[in-house]
Amino acid sequence: MSRPVRFSFTGLPVSPWRNGGGETREIISCPPDAPAALPAGGDPAAFAWRASIATIDRDGAFSSFPGVDRIIALLEGDGVTLHDAAGGSHALTRPGVPHAFAGEDAISARLAGGPSRDFNIMTRRRDRRARVERLTGEQRLPAGGDGVIYVLAGRWHLEGETPLTQREGIWWRQLGAPLRLWPADGDGVALWADISRR
């Protein structure tokens, strides 16, 4: 059981994409020693779950992650339109609204304007599940599970912790006790990724 670990966007390690189309800032990969990049022919789901923030600078295809479920939400920028191999599309242009898809799906992204910054959650399908919720009011985070909070706007109070502000967050594994989270005023917006075992 653990206490939450704080992070800020500017303090996250940056990994440029090999195709030059953007970069990833990893929040946490569980287990912590799981590789950020998947080796050719290796386990496509070496991590149990992973949280990161991606900056997309140009149009291009997403990497394939067979056996992984993904959830993405726009944080900043004009967003992107996601296109799949069947001809379907999804406009990821409203900040904080999550969109789920399978990691093995052939997905390409087309910028709606300038660069897009997105919140990403990946879970190994065989033993983890996740949901991402947009928060604007008080939330009680349950004990025992894993998760991530990321603040899009406003100031958020944490029971027994220093408040969080925009571009700050916390992550945890097997939260030791329930944690109360609430916005300081009416303009607070945060994302909560709730991750559990199947």
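The values are calculated or read from the model by the stated rules, or taken from the named source; none is laboratory data. What you see is a predicted model; the values in this text were computed from it and never measured. In this analysis, Cβ positions are derived from the backbone assuming ideal geometry, glycine residues included, and neighbour counts consider all displayed protein chains. SASA here: full protein model, heavy atoms, side chains in, ligands and nucleic acids out. Shrake-Rupley method; radii C 1.70, N 1.55, O 1.52, S 1.80 Å.
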I need the full set of residues from segment 142-156 which are outside any strand (DSSP E or B) and at negative phi, in order please. PRO142, ALA143, GLY145, ARG155
So in segment 171-198, with the set limited to residues that are hydrophobic (A, V, I, L, M, F, W, C) and either over 18 Å from PRO98 (Cβ atoms) or at pLDDT below 90 (or both), which one is nearest to the chain's Cα centre (by Cα)? TRP172
Quick test of your reading of the structure: SER108 fulfils all but one of (1) touching a His at 6+ places or on another chain (Cβ under 8 Å); (2) surrounded by 19 or more Cβ atoms within 10 Å (Cβ to Cβ). Name the failing condition by number. (2)
Considering segment 142-160 alone, what residues qualify as being hydrophobic (A, V, I, L, M, F, W, C), at pLDDT 95 or above and open to solvent by less than 20 Å² (accessible area, probe 1.4 Å)? VAL148, ILE149, VAL151, TRP156
Taking ALA54 as the residue in question, decide whether it is modelled with pLDDT of 95 or more, over 18 Å from SER196 (Cα atoms), among the hydrophobic types (A, V, I, L, M, F, W, C) and not in a loop (DSSP other than H, G, I, E, B). yes
All conditions in (1) of a type outside the set (Phe, Trp, Tyr); (2) open to solvent by 70 Å² or more (accessible area, probe 1.4 Å); (3) closer than 28 Å to THR136 by Cα are true of GLU76 except (2)
Say we look at segment 123-141 and pick out the residues that are in a loop (DSSP other than H, G, I, E, B) and over 17 Å from the mean Cα position of the chain (by Cα); which of these is surrounded by the most Cβ atoms within 10 Å (Cβ to Cβ)? THR136
Taking LEU92, is it surrounded by 19 or more Cβ atoms within 10 Å (Cβ to Cβ) and not small (Gly, Ala, Ser)? yes
Which ones in segment 111-122 are open to solvent by less than 20 Å² (accessible area, probe 1.4 Å) and either farther than 24 Å from VAL68 by Cβ or in contact with a Gly (Cβ under 9 Å, 6 or more places away or on another chain) (or both)? SER116, ASP118, PHE119, MET122
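Listed here are the residues, each with its yes/no results for (1) more than 24 Å from ARG70 (Cα to Cα); (2) not hydrophobic (A, V, I, L, M, F, W, C).
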site	(1), (2)
GLY137	yes, yes
LEU141	no, no
GLY144	no, yes
ILE149	no, no
TRP156	yes, no
SER196	no, yes
Determine if segment 63-72 includes at least one residue that is assigned to a strand (DSSP E or B), exposed (fewer than 14 other Cβ atoms within 10 Å of the Cβ), over 14 Å from the mean Cα position of the chain (by Cα) and not aliphatic (A, V, I, L, M). no
Going residue by residue through segment 170-182, is there one that turns out to be within 20 Å of ARG94 (Cα to Cα), open to solvent by 20 Å² or more (accessible area, probe 1.4 Å) and not in a loop (DSSP other than H, G, I, E, B)? no
Of everything in segment 76-122, what is assigned to a strand (DSSP E or B), polar (S, T, N, Q) and modelled with pLDDT of 95 or more? Give them in sequence order. THR81, SER89, SER116, ASN120
